[in-house]
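As structure tokens, the structure follows; a few thoughts come after it.
The values are calculated or read from the model by the stated rules, or taken from the named source; none is laboratory data. Everything numeric in this text was worked out from a predicted model, so none of it was measured. Methodologically, a virtual Cβ is constructed for each residue, glycine included, from the backbone with ideal geometry; neighbour enumeration extends over all protein chains shown.
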Amino acid sequence: MNGAESLVHSLLKSGVTTCFSNPGTSEMHFVAALDRVPGMHCVLGLFEGVVTGAADGYARMAGKPAATLLHCGPGLANGLANLHNARRAATPIVNIVGDQATYHRPLDSPLTADTEGFARGVSGWVRTSMHAHSVGADAAAAVQASMTAPGQVATLILPSDASWDEGGIVAEALPRLTTPSVSPNQIDEAADALRRGGAGIVLLLGGIALHEEGLELAHRIQAATGCRVVAQGSNARMARGHGRLAIERVPYVVDQAVKAMAGTQHLILAGSRKPVTFFAYPNKPQTSIPDDAQIHVLARPEQDIVEALHRLVEALHCPKVAAPNNGFRPEIGRGALTPEAVAATVGALMPDNAVIADESVSFGRGFFANTKAGPHHDWLNVTGGAIGGGMPMATGAALGAPGRRVINLQADGSAMYTMQALWTQAREKLDITTVLLSNRKYQILLGELANVGANPGRTALDMMDIGNPDIQWPNLANSLGVEAARTDTAEGFADLLAHSLKRSGPFLIELLI
């Protein structure tokens, strides 16, 4: 058995059954091993950013890591943006990167790079397998490391001779490391703050606190104390829909965030961090939290957040309460394609248990209010701010949650970074509806020009314009194997969305907004 074969066997023993790949010469023995060893679902991406973004979306829904297969340092570099997003989402990924043979590296051939250096910026664990006999054990360690709370990218670098040399040894799965509990002092401090009562006490949720169980506990705390419950601005996965606590997120825009969080006297962090602005802006605050607010840490992201919420409920003697009433399911939007009309139509027509992969950027900032009373669904954000995550994330989510319809709310500028994901969706016959929000401009950057106080002229405005020439999205999608259509009315969108949800496979709807 060679090292590559031991790698595949060891990954399977550790529960890794999906590999998103874009291989090259250094990985050919791994590719051959994937062919010889049954059990691994191999998914080809035409760009490494699709591979890494799909691995992110898969793990968010499957609750376990996928493997990636990337080609040397430059291949890893192509995938770094969505590994950055995965790091910010605390997503477990076993990121496998091929490399030059150990004895060939000193010759400095063209693809030789500081692969470990590239990996460290996005990984919580990095190791290079130097010998065939250690590859299996290294793979098991990588899986274990990826699942270390709250989840992280574990990068295993695989020199080609470690793959092709004989002497591979299959490793058994390593036990999952225990998630640390919070200290009694953390519970007591949060409980004392909440006993003060009122909207000046804010419980800020992140991580798995936003899954169904965590939201149910937060609702009990809110009902008992009158506190506000808010989510971080961008989240890996958030349970939403009728009967689930509907909470708003900290807004992206600085002035809106400051207004939303005004009056906060005590901020209690539950798997979250103190909100900060995405960027520094001249003469604007760096955080939306008032300077005199006291901050309490109920649970750090790497601690057992749901257990902490259970203990907090007990400390406060919070009774069970009826499920929240989020109002009536919205009606289909009419007339112009406003953010409200688009969101209402999605909320009106989405099937039960859908998955929303959201990279709607500026147009989608108001989508939450008009989807909260829809059926049960999970909402996934691009968490790290690196654009181009939406389409790959939707692709991986569909594979990680088979049988659930994925709706990708997707800005057109961001989509151009990783549009190759459509080809993978067609190849894998994935049930994904892409709602392509086509304003033919980088609208978010027009807002940022104002935020930084710049005075743009024609040259600057041209750099925000992607409508010269117009991108023909239906034609582009068709060329990648995805059926597509275009509309400029809310009624047309409703018809196309309903059509897409009744059929199998991917479908793209371009909305001219």
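Test each condition in (1) touching a Leu at 6+ places or on another chain (Cβ under 9 Å); (2) under 22 Å from Asn2 (Cβ atoms); (3) polar (S, T, N, Q) for Ser134 and report the one that comes out false.
Failing condition for Ser134: (1).
Out of Ala323, Ala344, Ala348, Ala354, report the one residue that is more than 21 Å from the chain's Cα centre (by Cα), outside the structural domain of Pro251 (by TED's automatic domain parsing) and closer than 23 Å to Pro506 by Cβ.
So the residue among Ala323, Ala344, Ala348, Ala354 that is more than 21 Å from the chain's Cα centre (by Cα), outside the structural domain of Pro251 (by TED's automatic domain parsing) and closer than 23 Å to Pro506 by Cβ is Ala348.
Being surrounded by 19 or more Cβ atoms within 10 Å (Cβ to Cβ) and either of a type outside the set (Gly, Ala, Ser) or in contact with a strand residue (DSSP E or B) (Cβ under 7 Å, 6 or more places away or on another chain) (or both) is the filter here; which residues of the stretch 128-140 pass it?
Ser129, Ala132, Val135, Asp138, Ala139
Name every residue in the stretch 161-204 that is farther than 18 Å from Pro301 by Cα, of a type in the set (D, E, K, R) and touching a residue at least 40 places away in the same chain (Cβ under 8 Å), in order of residue number.
Of everything in the stretch 161-204, those that are farther than 18 Å from Pro301 by Cα, of a type in the set (D, E, K, R) and touching a residue at least 40 places away in the same chain (Cβ under 8 Å) turn out to be Asp161, Asp165, Glu166, Glu172, Asp188, Arg195, Arg196.
State whether one or more residues within the stretch 287-298 are out of contact with any His (no Cβ under 7 Å at 6 or more places or on another chain), surrounded by 19 or more Cβ atoms within 10 Å (Cβ to Cβ) and under 30 Å from Ala415 (Cβ atoms).
Checking the stretch 287-298: at least one residue is out of contact with any His (no Cβ under 7 Å at 6 or more places or on another chain), surrounded by 19 or more Cβ atoms within 10 Å (Cβ to Cβ) and under 30 Å from Ala415 (Cβ atoms).
Every residue in the stretch 499-512 that is part of a loop (DSSP other than H, G, I, E, B) and within 25 Å of the chain's Cα centre (by Cα), please. First the steps, then the outcome.
To start, the set of residues in the stretch 499-512 that are part of a loop (DSSP other than H, G, I, E, B) comprises 503-506.
Correct list: Ser504, Gly505, Pro506.
Tell me which helices (runs of 4 or more DSSP H) are completely within the stretch 130-203 and hold 2 or more residues being among the small types (Gly, Ala, Ser) and within 30 Å of Pro74 (Cβ to Cβ), or say none if there are none.
Working: elements: 132-146, 160-164, 184-194.
The helices (runs of 4 or more DSSP H) meeting that bar are 132-146, 160-164.
Can we say Leu496 is surrounded by 17 or more Cβ atoms within 10 Å (Cβ to Cβ), out of contact with any Pro (no Cβ under 7 Å at 6 or more places or on another chain) and in a helix (DSSP H, G or I)? First the steps, then the outcome.
On the way: surrounded by 17 or more Cβ atoms within 10 Å (Cβ to Cβ): yes; out of contact with any Pro (no Cβ under 7 Å at 6 or more places or on another chain): yes; in a helix (DSSP H, G or I): yes.
Spelling it out, Leu496 is indeed surrounded by 17 or more Cβ atoms within 10 Å (Cβ to Cβ), out of contact with any Pro (no Cβ under 7 Å at 6 or more places or on another chain) and in a helix (DSSP H, G or I).
Residues that are modelled with pLDDT under 95, outside the structural domain of Gly63 (by TED's automatic domain parsing) and more than 18 Å from the chain's Cα centre (by Cα): find the helices (runs of 4 or more DSSP H) completely inside the stretch 367-484 holding 3 or more of those.
Filter on the stretch 367-484 gives 443-451, 458-462.
Given the conditions (1) farther than 27 Å from His104 by Cα; (2) in contact with a helix residue (DSSP H, G or I) (Cβ under 9 Å, 6 or more places away or on another chain); (3) free of Cβ contacts under 8 Å to residues at least 60 places away in the same chain, which single one is not true for Leu12?
Going through the list (1) farther than 27 Å from His104 by Cα; (2) in contact with a helix residue (DSSP H, G or I) (Cβ under 9 Å, 6 or more places away or on another chain); (3) free of Cβ contacts under 8 Å to residues at least 60 places away in the same chain, Leu12 breaks only (2).
Which fully enclosed strands (runs of 3 or more DSSP E) of the stretch 237-309 have 1 or more residues being of a type in the set (Lys, Arg) and touching a Lys or Arg at 6+ places or on another chain (Cβ under 9 Å)?
Because the criterion is at least 1 residues that are of a type in the set (Lys, Arg) and touching a Lys or Arg at 6+ places or on another chain (Cβ under 9 Å), the strands (runs of 3 or more DSSP E) in the stretch 237-309 that meet it are 238-240.
So that you can scan it fast, the table gives a plain yes or no per residue for (1) crowded, with 18+ Cβ neighbours inside 10 Å; (2) among the small types (Gly, Ala, Ser); (3) modelled with pLDDT of 95 or more; (4) outside any loop (DSSP other than H, G, I, E, B):
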residue: Arg334; (1), (2), (3), (4): no, no, yes, no
residue: Thr345; (1), (2), (3), (4): yes, no, yes, yes
residue: Asp352; (1), (2), (3), (4): no, no, yes, no
residue: Ile356; (1), (2), (3), (4): yes, no, yes, yes
residue: Ser362; (1), (2), (3), (4): yes, yes, no, no
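Which condition does Ser479 not pass, out of (1) farther than 28 Å from Ser21 by Cα; (2) loosely packed, with under 14 Cβ neighbours inside 10 Å, if it passes all the others?
For Ser479, the failing item is (1).
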